[in-house]
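See below for the structure under consideration.
The values are calculated or read from the model by the stated rules, or taken from the named source; none is laboratory data. Source: prediction; values computed, not measured. FYI the Cβ positions are ideal-geometry reconstructions off the backbone, even for glycines, and counts take in every protein chain you see.
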Amino acid sequence: MALEENLSASPSSSRERNVWLTIPNTLTLLRLIAIIPFAYLVTVGKDQQALILFILAGLTDTIDGTIARRFGQTSTVGRFIDPLADKLFTGVAYIVLSAFRSGLSSIPTWVMVAVLARDVLILVGSLVVYRTSSNAGFKPSVYGKLNTFIEIGVVVCFLAMGKLAFIVPLLPFFYILLLASLLVSTADYFRTGVRMMRAPARGDKSGH
């Protein structure tokens, strides 16, 4: 789940519980805690161990969502901390893989900056849209979902290249593909945000 998916979340339904202690929330907290050992493993060059932890974290994201829906354990807290944990994990992955790999291969700085800049722009844009139109109903688009998949895929490929040498010459292509998805998905959310801000004005005008 990604940050933009949280922007589309509807207000708490009658089935959504305003509690902290649920199995999905516990898994999400464990995912947040796992960021610390993941960052350490990456900075010391233990990429295979870091990859295993990254994959396990991804599995907990799938499991907690399934449990929440299947057993009615959705909660207001979980609706916000789950995408936050995902974005923090991915963001930290790009930061440490780019800026804290002294003497080791690293993700180019421009890739890290592009990934973080998109998240900041979407966060700031969503706040502007909400303050302007009191509308936070962003729906995750195919571009946003594809971008999330590519972001995660680049991290996985980078961490796996030590064991899979054929990945190394493909990385520059993956970086360009990631940049393209960042630009397209950001432009799509910008277009959606502008349309959402204009919608109330059209509604007010038609009401007179």
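Listed here are the residues, each with its yes/no results for (1) under 22 Å from Phe174 (Cβ atoms); (2) at pLDDT 95 or above; (3) hydrophobic (A, V, I, L, M, F, W, C).
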site: Arg79; (1), (2), (3): no, no, no
site: Lys87; (1), (2), (3): yes, no, no
site: Tyr94; (1), (2), (3): yes, yes, no
site: Trp110; (1), (2), (3): yes, yes, yes
site: Asp119; (1), (2), (3): yes, no, no
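Residues in segment 19-42 that are among the hydroxyl-bearing types (Ser, Thr, Tyr) and part of a helix (DSSP H, G or I) were compared, and the one that is nearest to the chain's Cα centre (by Cα) is Thr28. Restricting segment 162-183 to residues that are at pLDDT below 95 and touching a helix residue (DSSP H, G or I) at 6+ places or on another chain (Cβ under 7 Å), the residue that is surrounded by the most Cβ atoms within 10 Å (Cβ to Cβ) is Gly162. Going through (1) more than 18 Å from the chain's Cα centre (by Cα); (2) part of a helix (DSSP H, G or I); (3) at pLDDT 95 or above one by one, Val129 falls short only on (3). Residues of segment 82-97 that are over 12 Å from Phe54 (Cβ atoms) and either touching a strand residue (DSSP E or B) at 6+ places or on another chain (Cβ under 7 Å) or surrounded by fewer than 19 Cβ atoms within 10 Å (Cβ to Cβ) (or both): Leu84, Leu88, Gly91, Ile95. Looking only at residues in segment 26-52 that are surrounded by fewer than 21 Cβ atoms within 10 Å (Cβ to Cβ), within 21 Å of Lys87 (Cβ to Cβ) and of a type in the set (S, T, N, Q), the one that is modelled with the lowest pLDDT is Thr26.
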